[in-house]
Amino acid sequence: MSNKTIKGTGTAMVTPFLANGEIDYDATKRLIDYQIAGGIDMLVPLGTTGENPTISNAERTRFLSFVIEYVARRAVIVVGTGSNDTRTSVAYTKEAYDLGANGALVVTPYYNKPTPDGVFAHYSAVAEVGLPILMYNLPGRTGLNMSAETTLRCSEIENVIGIKEASANIEQCMEIIRHAPQGFRLLSGEDNLTVPLIAVGAKGVISVTSNIVPGEFSRMVRFAIDGKFAEAKAIQYELYDLMRVMFIETNPGPVKSALAMMGMIEEHYRLPLVRMREEHRRKVREHLLQLESIVVEELQQE
């Protein structure tokens, strides 16, 4: 995967489960087909939205093998291989490489709170695997904001080709875009900032909301990348309330709830995640009903 492939709309895939706790592979097929029919460019399994902390090593291998084989090169596959143990992240990344993934999404180490030198050493070690690396700055989950200075330092590492930025700090993102080496890609990690960040040089998004409306989300991103900001802005505001309600509780609670309401998956989680509170479920349903024509149209096109 070259840095030119990192562009457009990536969907941070949920991991569907059955009532017995096992991974639901039939629902995974439905979800993949729905995303590809909607025109997304990248699929991102085994990330935060995929409940990766609760996926065992054996499950990772089977699930990733299944996804790569089923996608059959219809979309770019960027696998979540992050960990707060560098050795584990290296092992996950090597497995993704061996199974044929196109790249890896590697979150900054959480809980440990490494220094900037530690973050640099972490990404240097993971990048040695040889698979293209997309770094992931997610301070709301990791307790660590990777500064623009550290990101730019890491951008010089061979095989580190970009970053998913979820700090919600547009100024920080602009500093990265402005000073990064040629070809280094910044993708939005905040759905509701997708169009504004593309306007200042981002190359796309890895999205939660696109699980639900891949067609509309992809159209929005393509308009923005093509410089058609009036059209992109119209869709951004059309989807804005849905984007916001997707984070009314801990992700992936809202998006899994919405997909279950659409009949795409069964709504099951692995502890410590649980179903949303009923008042929040009602809000998710309300926003889906407001976009009912879009959702129904996309499902019919599947």
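Results, tabulated for the structure shown:
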| read-out | value |
| --- | --- |
| Residues of region 85-107 satisfying the condition of being in contact with a strand residue (DSSP E or B) (Cβ under 9 Å, 6 or more places away or on another chain) and not in a strand (DSSP E or B) | Ser89, Tyr92, Thr93, Glu95, Ala96, Tyr97, Leu99, Gly100, Ala101, Asn102 |
| Count of residues meeting criterion [buried (at least 22 other Cβ atoms within 10 Å of the Cβ) and within 20 Å of the chain's Cα centre (by Cα)] in region 110-130 | 3 |
| In region 152-180, the residues that are in a loop (DSSP other than H, G, I, E, B), modelled with pLDDT of 95 or more and among the aliphatic types (A, V, I, L, M) | Ile157, Ala166, Ala180 |
| Any hit, region 153-162, residues being touching a helix residue (DSSP H, G or I) at 6+ places or on another chain (Cβ under 6 Å), of a type outside the set (S, T, N, Q) and under 19 Å from His287 (Cβ atoms) | no |
| Meets criteria (modelled with pLDDT under 95, surrounded by fewer than 16 Cβ atoms within 10 Å (Cβ to Cβ) and assigned to a helix (DSSP H, G or I)) for Glu286 | yes |
| Test set (1) part of a helix (DSSP H, G or I); (2) more than 23 Å from Arg285 (Cα to Cα); (3) of a type in the set (A, V, I, L, M) - Met243 fails condition number | (2) |
| Single condition Ala202 does not satisfy, out of (1) part of a loop (DSSP other than H, G, I, E, B); (2) over 15 Å from Gly10 (Cβ atoms) | (2) |
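Quick grid of which residues meet (1) touching a residue at least 60 places away in the same chain (Cβ under 8 Å); (2) under 18 Å from Val44 (Cβ atoms):
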position: Glu165; (1), (2): no, yes
position: Ile170; (1), (2): no, no
position: Val205; (1), (2): yes, yes
position: Val213; (1), (2): yes, yes
position: Glu216; (1), (2): yes, no
position: Glu231; (1), (2): no, no
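To keep it simple, each residue is scored yes or no on (1) at pLDDT 95 or above; (2) in contact with a helix residue (DSSP H, G or I) (Cβ under 6 Å, 6 or more places away or on another chain); (3) under 22 Å from Glu59 (Cβ atoms).
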position	(1), (2), (3)
Thr88	yes, no, yes
Ala101	yes, no, yes
Leu105	yes, no, yes
Leu138	yes, no, no
Ser147	yes, no, no
Thr150	yes, yes, no
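The values are calculated or read from the model by the stated rules, or taken from the named source; none is laboratory data. Quick caveat: nothing in here was measured; it's all calculated off a predicted structure. With ideal geometry, Cβ positions are generated from the backbone for all residues, glycine too; neighbour counts draw on all protein chains shown.
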